[in-house]
Amino acid sequence: MALSKTVLSTVGSVAATTMFVHSIIHDYIPRELHEYLLFGLRNMFTKFSNQLTMVIDEFNCFVNNETYEAAETYFGNKLSPNIHQLKISKPEKEENFNIAMERNEEVTDVSNG
C-alpha cells in the first residue's frame, strides 16, 4: 500500500512538473528558439538510434524529383495531403508495408503487389 502511494505521488509530481515546464516553454521562449532547441534534441537522440531517416524532396534545384513522383504515384490517394511525416517499413517476412504518420492521420492498406 505504501509503495502504491509513493508511485502515485511520484507520477503526480512528474506530471505537474512536465505541465509547468511545457507552459513556461510555450509562454516565454520564442518559437524560433523553441524549434531550434527541439531540432538539437532530435539530432542528439537520433545519433543513438539505429533507424535511418530518408527524405524525398519534391524538387531538386527547381527540377522535379522523379523519386518523389514515383512515391506519390505509388501511394496516390491512400495518403492525406495534410501529412507532414510518413514512416514506412516492411518487416522481412511480411508482404505488406507498415505505415505510420503524425497528427493521427489514417491510411488504407498498402500491399506489396
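Based on the alpha-carbon gyration tensor of the stretch 2-46 and its eigenvalue square roots a ≥ b ≥ c, which shape applies: rounded if a/c is under 1.5, prolate if not and a/b is larger than b/c, or oblate?
The shape class here is oblate.
For Lys93, which lysines qualify as cross-link partners when the Cα separation must be under 27 Å and same-chain residues fewer than eight apart are set aside?
Of all the lysines, those that pass the test against Lys93 - Cα under 27 Å, at least 8 places apart if same chain - are Lys78.
A short reminder: the numbers here are calculations on the coordinates, not readings from a lab. Quantities reported herein were computed from a predicted structural model and do not represent experimental measurements.
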